[in-house]
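Report on one structure; see the data block that follows.
The values are calculated or read from the model by the stated rules, or taken from the named source; none is laboratory data. All figures in this text were calculated on a predicted structure; none of them were measured in a lab. Positions of Cβ are generated from backbone atoms using ideal geometry, with glycine treated the same way; all protein chains shown enter the neighbour counts. Calculation scope for accessible area: heavy atoms of the full protein, side chains included, ligands and nucleic acids excluded. Shrake-Rupley method; radii C 1.70, N 1.55, O 1.52, S 1.80 Å.
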Amino acid sequence: MEQAPAEFDLIAQLWAPLTRGAPGAYGLKDDVAYLPSMSVGHVVTCDQVIEGTHFLSSDPLDWVAKRLVRRNLSDLIAKGCKPVGAFLTLAWPKSRPYAQVADFAVGLGQDLSDLCGECPLLGGDTSSTTGPLVASLTLIGKGLSVTGAPILRSSARSGDLVFLTGTIGDSYLGLQVRLGQMDGQGLAGAVAFAMAPAPPPLAAANLIGTFAQASIDISDGLLADAGHVAEASHLAMHLHLEQVPLSSEATAFVARSPNPVASLLGLVTGGDDYQALMCVAPDRAAAFVSELEAIGVGVTQIGVCQEGQGLVLTYFGSAVALPARTGWQFSGA
């Protein structure tokens, strides 16, 4: 095992260039960063990736870093916010060569630049561990709504139309193939997507902040996250499963299944889609769809909010029982 570089050499070589010269980063040569105050406040999100839980040990490290960025970025975009600063905490296994840290830094820098609008890295910490690789990213965001506040789960209203960006289910299918639990024939695109699912482009955040009443990113599973909105907003969300947007590969997977509804329920509970579910007032829906499509973002109406509580599922007009498992949930076990 090669000699680990000195901490400050590592900072200078790999992390300091990712500050992009942001004055508040101080070149990562101090113990703190400085963020100019905003009258409406900052929006903060934090998420992590753990080797063996969120990615495979054999995964390329640049893609592991991209998955980390995208897990966080999807939260901000769904809240109508854009990132303005990032903080990284990295626990690096002593069993891994330090040369791989550079691969991780490349992926991190690419996504902070290309997907996050050249968001600077403002600080963090790198340590060694005898355990698995663990990386945590905190993104500081700026709200793009009129008030500057994030679009919450709790502000949907009865009558709002429910929209979804992108497609659902490719992460689930790709992971099943990568774990050897499913035949990968016809699912090459899903396998590639599952490495680091792509959220909507940053430009969508402005439109979500402008039009959405309530919004959430789809990370735990479409049904689980839609249920969070329904619960927080104290209403019922009626979802039409046949309207859930799928990729061509996922569509073919459902079509060749002996039980299409069961297969579709697997896709909408699988998680890691990183798309946005939004509740929009009916009189603003057409403009919302038009402006999203104008920037190249696919958007589909999949349901409606009504008086009541919880999720109500249908498939071509027939009622579908809510599955016992609607998505991922921390069990503590």
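For Ser215, state whether it is open to solvent by less than 20 Å² (accessible area, probe 1.4 Å), closer than 11 Å to Ala276 by Cα, in contact (Cβ under 8 Å) with a residue 60 or more places away in the chain and not basic (Lys, Arg).
yes
It is to be established whether one or more residues within segment 276-288 are more than 15 Å from Gln243 (Cβ to Cβ), small (Gly, Ala, Ser) and open to solvent by less than 10 Å² (accessible area, probe 1.4 Å). Yes: segment 276-288 contains one or more residues that are more than 15 Å from Gln243 (Cβ to Cβ), small (Gly, Ala, Ser) and open to solvent by less than 10 Å² (accessible area, probe 1.4 Å).
Conditions tested, residue by residue: (1) open to solvent by 30 Å² or more (accessible area, probe 1.4 Å); (2) over 30 Å from His240 (Cβ atoms).
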site	(1), (2)
Val84	yes, yes
Ala102	yes, yes
Ala105	no, yes
Leu139	no, yes
Gly166	no, no
Gly180	yes, yes
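Listed conditions (1) open to solvent by less than 40 Å² (accessible area, probe 1.4 Å); (2) not in a strand (DSSP E or B) are all met by Val49, apart from (2). Restricting attention to segment 257-288, the residues that are farther than 15 Å from Leu173 by Cα, aliphatic (A, V, I, L, M) and over 21 Å from the mean Cα position of the chain (by Cα) total 5. With respect to the conditions (1) at pLDDT below 95; (2) open to solvent by 50 Å² or more (accessible area, probe 1.4 Å); (3) in contact with a helix residue (DSSP H, G or I) (Cβ under 8 Å, 6 or more places away or on another chain), Leu152 falls short on a single one, namely (1).
Is it fair to say Ala236 is over 21 Å from Pro323 (Cα atoms), modelled with pLDDT of 95 or more and open to solvent by less than 40 Å² (accessible area, probe 1.4 Å)? Step through it out loud before you land on a result.
Numbers: over 21 Å from Pro323 (Cα atoms): no; modelled with pLDDT of 95 or more: yes; open to solvent by less than 40 Å² (accessible area, probe 1.4 Å): yes.
Spelling it out, it is not the case that Ala236 is over 21 Å from Pro323 (Cα atoms), modelled with pLDDT of 95 or more and open to solvent by less than 40 Å² (accessible area, probe 1.4 Å).
For Asp220, the conditions (1) within 26 Å of Ala324 (Cβ to Cβ); (2) touching a Leu at 6+ places or on another chain (Cβ under 9 Å) are fulfilled apart from (2). Determine whether segment 61-74 contains at least one residue that is surrounded by fewer than 20 Cβ atoms within 10 Å (Cβ to Cβ), under 16 Å from the mean Cα position of the chain (by Cα) and in contact (Cβ under 8 Å) with a residue 40 or more places away in the chain. Looking through segment 61-74, at least one residue is surrounded by fewer than 20 Cβ atoms within 10 Å (Cβ to Cβ), under 16 Å from the mean Cα position of the chain (by Cα) and in contact (Cβ under 8 Å) with a residue 40 or more places away in the chain. As for segment 156-165, it holds no residue that is of a type in the set (Gly, Ala, Ser) and over 19 Å from Val304 (Cβ atoms). Residues that are under 26 Å from Val280 (Cβ atoms) and in contact with a Phe, Trp or Tyr (Cβ under 6 Å, 6 or more places away or on another chain) within segment 134-180 comprise just one, Asp170.
Within the span defined as segment 313-326, every residue fails to be open to solvent by 30 Å² or more (accessible area, probe 1.4 Å) and in contact with a Phe, Trp or Tyr (Cβ under 9 Å, 6 or more places away or on another chain).
Before we move on, is Asp47 touching a residue at least 60 places away in the same chain (Cβ under 8 Å) and of a type in the set (D, E, K, R)?
Judged against the criteria, Asp47 is a match.
Looking at Val312, Val304, Val268 in this structure, which one is outside any strand (DSSP E or B), in contact (Cβ under 8 Å) with a residue 24 or more places away in the chain and under 19 Å from Glu242 (Cα atoms)? Within the list Val312, Val304, Val268, the selection yields Val268. Considering segment 107-137, and only residues there that are without any contact (Cβ under 8 Å) to a residue 60 or more places away in the chain and part of a strand (DSSP E or B), the residue that is surrounded by the most Cβ atoms within 10 Å (Cβ to Cβ) turns out to be Thr129. Checked against (1) closer than 16 Å to Ile218 by Cα; (2) in contact with a helix residue (DSSP H, G or I) (Cβ under 7 Å, 6 or more places away or on another chain), Asp75 meets all criteria but (2).
Within segment 2-46, can you find the residues that are of a type in the set (Phe, Trp, Tyr) and open to solvent by 40 Å² or more (accessible area, probe 1.4 Å)?
Step one: list which residues in segment 2-46 are of a type in the set (Phe, Trp, Tyr), which gives 8, 15, 26, 34.
Result: Phe8, Tyr26, Tyr34.
Suppose we keep only residues that are at pLDDT 95 or above and open to solvent by 10 Å² or more (accessible area, probe 1.4 Å) within segment 89-100. Which one would you say is nearest to Val40 (Cα to Cα)? Only one residue tops the list, namely Thr89.
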